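First the structure, in the form of structure tokens, and then the observations on it.
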Amino acid sequence: MIKLKGKPVFGGIVKGKIAYYARGESVVEKRKIDDPDREFRRYEYAKSCALSQLNELYNIAVGDVGKNDAGIFLIQQMLINDVDFNKAVKELILDEHYNADYAVAKTARDFSQVFSEMDSEYIKGRSADLKDVCDRLIRHIQNKSENTFNVCDRAIICADDLVPSETVRLDRSKVAAFCTCYGSSNSHTAILARTMNIPAIIGIGTQLLESYNGCDAVVDGYDGTLYIEPDEATLARLEKKNVEELKKKELLKRLKGKKNITLDGTEVKLYANIGGLSDIDSVIENDAGGIGLFRSEFLYLENDDFPDEEYQFYNYRSVLEQMKGKKVIIRTMDIGADKNISYFGLEKEQNPALGLRSIRLCLDRPEMFKTQLRALLRASVYGSLSIMLPMITDVEEIRRTKALIEETKQQLDAKNQPYSNEVELGIMIETPAAAIMSDILAQEADFLSIGTNDLEQYTLAMDRHNLRMESYGSDNHTALLRLMKITCDNAHKYGKWVGICGEFGSNMAYTEVFLAMGIDEISVAPAIILPLRSRIRTLDIREKEKILKKYGCLN
Ligand code: PEP
Ligand code: MG
């Protein structure tokens, strides 16, 4: 038996088989070939396939985001039609007798080098397109499809790390657990695991080897241990622990239908965070009062192309209908940083977490944003919808969004398509800027929801995906709690409600200080609702000042 220790992300004990996720990066060998003419024909065929795929992508993108932004696919076509590029590839194949994929990879590297030495920022930015398009070309030469990963039933997915676009594409009915070498508790894969109720361990380190692929294993997500080929005694012990944990969960079910109320009578709303339609059963099962955060970008991450208006409308409408009039807060798409998707054609940035992401990207591509806003407004007549904007740093971003919403309403009016006029527009407080000027923002928004995952990383200057940072900062940091308190005070000053939708909201060691500062709503993974309700019902927050002082919120 091999025992590997990591950091627990979501509890649960499950048995399964290890499925090691090796990224679908193309491996290119350097070889000499016997028949250069045939190899060159292979290159030309692959090129024609890549070009027709790019053309298709362009046509779809024009419809969704307009000609300007779709232009990225035209640029990529121009890059692989470039005369110098083709001359270099041809020489490597026909004159030097190298294999076609090597010829493309080498030419791409040489061209990238030249691009990076140019003065023009625009040309420098084309390196990412060149890599993207050459990867596509190489996939065609090697006859490989886009990244696919077929897992067996009860798979314990192991990987060095997973990005959200990989996690959401896994067939979740087959996934028993996630284990990664790296990652951090606030990374989106960890968040998804919690939302999806899947036991998970992160930060196991390099002892988690690809050679364990196919081994029987057990994950203990409570204490963060992965047992590979467990012995009988361990299996029996874990079985016993599992039964005890399940009993505790069973007991919590008695709290269904009960209030989230402290001993002194303070009530708070408990909502659920979701990534998509498949999480709704768990929201209902766990008796959430509503949905406090629907991360709509997962609809984009799950697909190979921009989800169109109808697809989005269907998803939003279904969530609203299933929630039967309970509040549903849908966050407009938060793409960028770790949630990157190749079809967006985002330029490579030195610091993507500080770059063109989230609301900035939406306002930069208004046609794409309006597609989402139209789908949301059309769905609004099927329940109680609130729209929430991520990564706000300035009041202008809210005003510009309101103008786009007005334009969208006019488009719907022109087509006689109904929408509700009761939709609230809220914002996330995820940047220190937003917290500091939350008095100004509160006058422009209907509610504020604190995204502690990002607020923490931007306040403490600590990358939320870097496991090593977890031992430095901690989410009890006084600066974070003070910014949360400022936000609460400002929201209430202008009669607005304020919630928490980041992972810190699930940390029950801090529930009393959240309530003492006046948080009105907490949104957590569905499985956390009942344990948190139980915690709230044991608290007494009459002595607010004392509690706030204890946590450093007041001097
Ligand atoms: C947050 O930043 O706290 C948040 C809820 O958004 P996300 O985790 O999706 O960035
Ligand atoms: Mg965030």
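With the crude spin-label approximation of a point 7 Å out along Cα→Cβ, what separation in nm comes out for residue 409 versus residue 153?
Once both label points are built, they end up 5.2 nm from each other.
What is the Rg over Rh value, at two decimals, for the range 285-404, using alpha-carbon atoms and the Kirkwood definition of Rh?
Rg/Rh for the range 285-404 comes to 0.97.
Shape of the range 485-555 from its Cα gyration tensor (a ≥ b ≥ c, root eigenvalues): rounded if a/c is under 1.5, otherwise prolate when a/b > b/c, or oblate?
Cα axes put the range 485-555 in the oblate bin.
Between the range 325-359 and the range 394-433, what is the C-alpha centre distance in whole Å?
18 Å
How high is the relative contact order of the chain, in percent, with contacts defined as C-alpha pairs under 8 Å that are six or more residues apart?
16 percent
Rounded, prolate or oblate for the range 39-129? Axes are the square roots of the Cα gyration tensor eigenvalues, ordered a ≥ b ≥ c, and the cut-off for rounded is a/c under 1.5.
oblate
Given the DSSP H assignment, sum -39500 (n - 2.57) over each helix run of at least 4 residues in the chain and divide by its residue total; what's the result at 222 nm in deg cm²/dmol, nearest 500?
After summing the helix terms and dividing by the residues of the chain, the value is -14500 deg cm²/dmol.
Tell me the relative contact order for the range 36-141 as a rounded percent, counting alpha carbon contacts under 8 Å between residues six or more apart.
The normalised contact order for the range 36-141 reaches 34 percent.
Can you work out the FRET efficiency for the pair residue 86 and residue 209, with r the C-beta to C-beta distance and R0 = 45 Å, to the nearest 0.05?
The value I calculate is 0.60.
Hey, which of these cross-link pairs are over 23 Å Cα-Cα: 87/131; 269/544; 370/415; 249/339; 87/348?
249/339; 87/348
Using R₀ = 41 Å, calculate the FRET efficiency as 1/(1 + (r/R₀)^6) where r is the Cβ-Cβ separation of residue 241 and residue 118; round to 0.05.
Efficiency at R0 = 41 Å is approximately 0.10.
Taking 0.36 nm per residue of separation and subtracting the Cα-Cα distance, what length does fully extending residue 223 through residue 253 add?
8.5 nm
Checking a compactness column here: for the range 365-409, what do you get for Rg(Cα) / (2.2 N^0.38 Å), N being the number of residues?
Rg over 2.2 N^0.38 Å, computed on Cα atoms: 1.16.
Would you mind pulling out the separation of the Cα centroids of the range 203-227 and the range 269-298, in Å?
29 Å
For the range 224-236, take each phi angle, set θ = phi - 60°, evaluate the Karplus expression 6.51 cos²θ - 1.76 cosθ + 1.60, and give the result in whole Hz per residue in order, putting x for glycine and proline.
Along the range 224-236, the couplings run x, 10, 10, 9, 9, 6, x, 7, 4, 4, 5, 4, 5 Hz.
Set the Förster distance to 60 Å, then compute FRET efficiency between residue 32 and residue 310 from the Cβ-Cβ distance, nearest 0.05.
In this case the efficiency is close to 0.70.
Which cross-chain or sequence-distant (5 or more) residues have an amide H under 5 Å from the amide H of residue 497, H modelled 1.01 Å from N in plane?
448
Suppose we take every Cα in the range 171-240 and form the convex hull; what volume per residue is that in Å³?
Hull volume over Cα atoms, normalised by residue count, gives 108 Å³.
With a cut-off of 8 Å between alpha carbons and a minimum separation of six or more residues, what is the relative contact order of the range 264-550 in percent?
Reported relative contact order: 20 percent.
Return the loop-located trypsin sites (Lys or Arg not before Pro) in the range 267-339 (DSSP other than H, G, I, E, B) with at most 10 other Cβ atoms within 10 Å of their own Cβ; answer none if there are none.
324
Once you have the alpha carbon radius of gyration of the range 132-252, what is it after dividing by 2.2 N^0.38 Å, with N set to its residue count?
This ratio for the range 132-252 stands at 1.23.
Between residue 49 and residue 534, how many nm apart are label points set 7 Å from Cα along the C-beta direction?
Inter-label distance under the simple model: 5.4 nm.
What is the sum of charges around residue 200, taking Lys and Arg as +1, Asp and Glu as -1, for the other residues whose C-beta is under 10 Å from the C-beta of residue 200?
+2
Take every Cα-Cα distance within the range 429-533, group them into 10 Å bins from 0 onward, and report for each bin the whole-number percent of pairs it holds.
16, 48, 31, 5, 0
Let me know the Kirkwood hydrodynamic radius for the chain, please, with Cα pairs as the basis and the value in Å to one decimal.
25.5 Å
So what are the radius of gyration and Dmax for the Cα set of the range 264-550, in Å?
Rg then Dmax for the range 264-550, in Å: 18.4, 57.
Pick out, in residue order, every one of the GluC sites (Glu not before Pro) in the range 357-445 that is DSSP loop and has at most 16 other C-beta atoms within 10 Å; say none if there are none.
The qualifying sites are 422.
Just so you know, all these numbers are worked out from the coordinates, no wet-lab data involved. Not measured: the values here are computed from a predicted model. Note that each Cβ is placed from the backbone with ideal geometry, even for glycine, and that neighbours are counted across all protein chains shown.
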